Amino acid sequence: MQTDTVQLVFYLFSFLIIISAIYVVTLKNIFHSAIFLVLTLFGVAGIYILLHAEFLAAVQVLIYVGAVSVLMIFAIMLTTRLASREIKQSNEQVMAGIFICAGFLLASLGSFANTVWRVVDKPLPENNTLTLGQLLMNEYVLPFEVVSIVLLAALIGAIVLARKEGA
Amino acid sequence: MIMLQYLALAAILFAIGVFGVLTRRNAVGILMSLELMFNAANINFVTFNKFIAPGGLTGQIFAAFVIVIAAAEAVVGLAIVLLLYRNWKGINVDRINIMKW
């Protein structure tokens, strides 16, 4: 019974994700695709909750839905003319793109089906978020600090790139 | 098997992202497709964490780092997009070919 509900929620979320992701890559109006990107990211947050990654779901909503998509919409607004719908948004490679994606999809699905997965039937640690915080502060403290330096470098780089010459 | 449906979802999402990167002319559209691909990779990390290695949380840590790197990538990418718009009055990547010879 409980697994049935989980399955149903999974199918709902994956339907939402796939449909809105297709809209993201095909819509003519780039602003509308940004809105559908928000929907896709929400769906991925739901999938995280189904996989018992509550902290990641919260981070997904905060960083992706809150920050990255607002940044995207901000960039679309700043580059005004492309919000109009008569500009062609896709190049001549649509057919080739469809073939490449279908090939990739078939290859990966086939390899998933042919691999023998050693599934371990054990629950994740209780208190997910607490364990994550302890891991970040003990075992993974060096990558944690390095990633903070990467963020600082990205911040400074973005300012240097976007600033007017000589200002 | 229950794990395979998550992997299949991630593969489909990644394929859609690849399609967007290959066919979009707009630089912001390409960045959005990149975000789709990052999310597909993240779903894979969390899935393997839950079904293959449930003793620890290594996959979720990796996914958190991927989210941070994706945010940094979006910031720098959009700064480059704004710079391109200022210099070329347009951000269609098929017109911007000064690095090609």
Next on the checklist: Which of A:VAL160, A:VAL146, A:VAL25 has the fewest other C-beta atoms within 10 Å, and how do the rest follow up to the most?
Outcome noted: A:VAL160, A:VAL146, A:VAL25
Checklist entry - Given charges of +1 on the Cβ of Lys and Arg and -1 on the Cβ of Asp and Glu, with all other atoms neutral, how large is the dipole of the protein assembly as shown about its Cα centre, in debye to the nearest 20? => result 1020
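How do A:THR129, A:THR40 rank when sorted from fewest to most other Cβ atoms within 10 Å of their own Cβ?
Final ranking by Cβ density, sparse to dense: A:THR129, A:THR40.
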Checklist outcome for this item: For chain B, the charge dipole (Cβ of Lys, Arg +1; Cβ of Asp, Glu -1; about the Cα centre) points to a positive end, and the Cα of B:TYR6, B:PHE38, B:GLY90 closest to that extreme belongs to B:GLY90
Item to check | Spatially proximal lysines relative to B:LYS50 (Cα-Cα < 18 Å; intrachain offsets below 8 disregarded) | outcome: A:LYS122
Item to check | Within straight-line cross-link reach of A:LYS28, aspartates and glutamates at Cα separation under 15 Å, skipping those fewer than 8 residues along the same chain | outcome: A:GLU86, A:GLU92
Checklist entry - Quick one: putting +1 on the C-beta of Lys and Arg, -1 on the C-beta of Asp and Glu, what dipole do you get for the stretch B:3-100 around its Cα centre, in Debye to the nearest 20? => result 360
Checklist outcome for this item: Cβ density ranking, 10 Å radius, fewest first, applied to A:GLU126, B:GLU35, B:GLU73, A:GLU145 yields A:GLU126, A:GLU145, B:GLU73, B:GLU35
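For the protein assembly as shown, what class follows from the C-alpha gyration tensor (a ≥ b ≥ c being the square roots of its eigenvalues): rounded when a/c is under 1.5, otherwise prolate if a/b is larger than b/c, else oblate?
oblate
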Checklist entry - Is there a simple number for the mean count of other chain Cβ atoms within 10 Å of the Cβ of residues in B:64-73, and what is it? => result 6
Checklist entry - Each residue of the stretch B:19-35 in turn: what ³J(HN,Hα) in whole Hz from Karplus with 6.51, -1.76, 1.60 and θ = phi - 60°, glycine and Pro shown as x? => result 4, x, 5, 6, 10, 6, 9, 8, 5, 5, x, 5, 4, 5, 5, 4, 4
Checklist entry - Which parts of the stretch B:1-25 would a label at A:VAL119 reach, counting a residue when its backbone N lies under 19 Å from a point 7 Å out along Cα-to-Cβ? => result B:1-12
Checklist outcome for this item: Classified through the alpha carbon gyration tensor (a ≥ b ≥ c as square roots of its eigenvalues; rounded if a/c is under 1.5, else prolate when a/b is larger than b/c, else oblate), the stretch A:1-132 comes out oblate
Item to check | Signed unit charges on C-beta, dipole axis of the protein assembly as shown, positive-most listed residue B:ALA72, A:PHE144, A:GLY133 | outcome: B:ALA72
Next on the checklist: Given points 7 Å out from each Cα along the Cα-Cβ axis, report the A:SER111 to A:LEU130 separation in nanometres with one decimal.
Outcome noted: 3.9
Next on the checklist: Please compute the average number of Cβ atoms from other chains found within 10 Å of each residue's Cβ in peptide A:100-111.
Outcome noted: 4
Checklist outcome for this item: Non-local residues with an amide H under 5 Å from the amide H of B:ARG25, with H modelled 1.01 Å from N and Pro and chain starts lacking one, are A:SER90, A:ASN91
Item to check | Using a Förster distance of 35 Å, the FRET efficiency for A:HIS32-A:LEU142 (Cβ separation, nearest 0.05) | outcome: 0.25
Next on the checklist: Need the list of lysines near B:LYS100 for cross-linking: C-alpha distance under 24 angstrom, and skip anything on the same chain fewer than eight residues off.
Outcome noted: A:LYS88, B:LYS89
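Values in this text are rule-based calculations from the coordinates and carry no lab data. It should be emphasised that the depicted structure is a prediction, and the values quoted were computed from it without experimental measurement. All Cβ positions, even for glycine, are placed from backbone atoms using ideal geometry, and neighbour counts span all protein chains on display.
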